[in-house]
Amino acid sequence: MHSTLRNPSMRLRAPPSLSALLSPPKPYLFSKPFSLSYLSRPRTLATMAKTLDESDVGISCCVSSLAGFRGILKQRYSDFIVNEVDSDGNIVRLTSFDLPPEEFDEKVRENPCSDGKDYTSEIESFRSLCGEVDADALKAFLGKVLASESDASPIVLSPDPDKSHRAEVHNFFKRNFKFLVTDTVEESEGSSKCIRVRFSSGKGGGMSKRGMKRKDTKDDKPFDSRGSKNWPEHIGKFLRFNLYKENKDTQEALGLIGKMLGVHQRSFGFAGTKDKRAVTTQRVTIFKQHAKRLAELNSRLFGVKVGDFCYVKEGLVLGQLAGNRFTITLRVVAADCKDTIKAAADGLQRNGFINYYGLQRFGSGSVPTHLVGAALLRGEWKGAAALILDPREGERPITREAREYYKEHGDVDSTLKKLPRFLVAERAILQCLKKSPGNYLQALKAIPRTLRMMYVHSYQSFLWNHAASMRVQKYGISQVVLGDLVLCKEISPAEMASSDNPDLEDDCNDGDNCLLDLSDGVHSEEKVQFVKVVDSEDLLKGLYTFEDVVLPLPGSKILYPANDIAGVYHDLAKKDGISLTESVHGAKEFSISNLKGAYRRVFQRPIDFVWELLDYTDDNIPLVETDLDIMQKDSGLSNKEVFVDGISVSQTKNLDSEVSIGKHMVEDGNADPSPTIELVHNSDIQSPKLALKLAFTLPTSCYATMAVRELLKSSTSVC
């Protein structure tokens, strides 16, 4: 059963019924019991300005009372491997860099600027307009474009603070270079604006009408950056590929690829964000791009690879997945005996775990996202902005200094120059306050919708976790009780997969940055009929088990349990000054009464669960093969040849030390310009260690760390 982690491509299936278990386990109280006395404790920024603990967000129970053990999670990022499971139940893996057959006719393949024209006079005119440096850069760029070279990356002209002069430059390109497009960018923090020039394969088809801005649509359709108008009808307009990344979040990886391609990051479509400190593989689509262009990037990408290309008719949208396959290695495992570990692993497979929202749902900083959500629901716009902007513990000096500067001086312009670019919400608020001082509601709405709705959904999750703990503590897990909410027997597992959560794209499952679009309307009204309140007749018939029990995420279209669990929601919200039935302000998107809500299973069992105990000595040696490792082994390239600053470094698993190569990323979003080489030498005498390797699948929005918590019986804030 647990001798191997090799798993064929599979389909998600409903886990076996709890009624099949001869002796259902009794719930184990992991920390101090939940009680409504919690309501008497004020939850302020001062009390929460510390490392978030599980009890702060309602996580307090375990399914079984089996003994736990010690183990280290994510000692290496390769100890946490995530493979997306697509909507058809297939595990997404990186298996090939081969290009698909491309049936493009010669007219489409033809370079739109290859008309034999000599652009010498245009370049000289441009030299008079913009100077020697920019003219030479344009000349070199044109040379690459005219030669149809694949590495004709966009160029950025010299900083130009004169808006009228920039307009003159834009018009120059429109008149003289129909195959080039220009836009205005801010090249570096605090610098003047610059003009970026890039190649458009569609004879200017990528240019928008002057003055027309793309609206921030509320649907989840992939961004349509229409480049080429000459795409043949018989070929899918979207290129689909598998994105493999190491120790990078999804947005960062796609940002790198987009920058190299010269396309907007929103040109990519994907089903969900994936963990940062992990090795992950997922599906991505991009509109009207040739596979060859992306494949050629592999030699320039560090920690990112793309492959398994094909053309499809539709792009991916958020939520188009069935779940994720996790391969997790717990290192330095210690228990009184191996039997304890084996019993815990078998118990997880048999008993499952409480389907809590993990700590990652509530942010990694000292200001939990659900506190911001509570302020938004109360209509405290200035207070919510302050929670986002104010100094907080545990940040890098550059970030802390920028926050403290704004707190003391209120100087928006200077703060924007200091504030790292990766702080998207903070920068969006300040940019709006710069234009409309004092308009904090408008400033909060300036945050990308994908991010700003995270705060409200985090508060919904906070209430859900507390309600789940009360349900398990008060009534146990062995039976359904009067007033429980259950899924009607008519609902299929596939339907439940799409209605289990209100945020299908929040598929990060323990990621460091769960910041993607959180839709409030995925749970449609017609799905309410799939949930019913258990009555006495249902109890007599014995139709339902604890596995069918769900709890709501508050909204206007949901039912609450018809027992005292409903009081947990309302009492907690009332303590926070929030009504779950009516809005106290006019901003609909920050109102519970405007959110439709959803249902989430209280209990989850890992699917296709396998495990294995491993003996090892060297902490630097990976214990699980990644997709890239398997590809290299199959192609006979088990020892990777890597060049750093012209020096060849062999990465061989038989050496006494490992060479770790990659770009060193720091918290403030800046990367070292050169790769770092990190040698980790091992001592001559190494003590034997034990590791536990787990592999299992979870539906979307289930947190793998909650399964690990059930194993270890210790908080995921420290494991």
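Points worth noting:
- Dipole-positive endmost among Leu243, Ala345, Gly258 within the range 220-360 (Cβ charges, Cα centre): Gly258
- The calculated P(r) of the range 356-426, using every Cα pair and 10 Å bins from 0, goes 19, 48, 29, 4, 0 in percent.
- Annotation for Asp413 and Gln431: the two label points, set 7 Å from Cα along the Cα-Cβ direction, are 1.8 nm apart.
- Environment charge of Val92, counting only residues whose C-beta is closer than 10 Å and scoring Lys/Arg +1, Asp/Glu -1: -1
- Scaled against 2.2 N^0.38 Å for its residue count N, the alpha carbon radius of gyration of the range 125-170 is 1.25.
- Label-to-label distance, Asp339 versus Lys557, with points set 7 angstrom from Cα along the beta-carbon direction: 5.3 nm.
- Long-range amide H partners of Arg600 with built H, under 5 Å: Leu551, Leu553
- For the pair Phe172 and Cys488, the difference between a 0.36 nm per residue extended length and the Cα-Cα distance amounts to 107.2 nm.
- Hull volume per residue, based on the alpha-carbon atoms of the range 327-377 and their convex hull, is 145 Å³.
- When peptides 257-268, 279-290, 75-86, 408-419 are sorted by average Cβ neighbour count within 10 Å, with the highest value leading, the order is 279-290, 75-86, 257-268, 408-419.
- Solvent-accessible area per residue, Å², over the range 306-428 with all protein chains present [probe radius 1.4 Å]: 38
- Separation in nanometres of the label points that stand 7 Å from Cα toward Cβ, at Tyr616 and Ser715: 2.7
The values are calculated or read from the model by the stated rules, or taken from the named source; none is laboratory data. All figures in this text were calculated on a predicted structure; none of them were measured in a lab. We place every Cβ from the backbone using ideal geometry, glycine too, and count neighbours over all the protein chains shown. Only protein heavy atoms, including side chains, enter the accessible area calculation; ligands, DNA and RNA are left aside. Shrake-Rupley method; radii C 1.70, N 1.55, O 1.52, S 1.80 Å.
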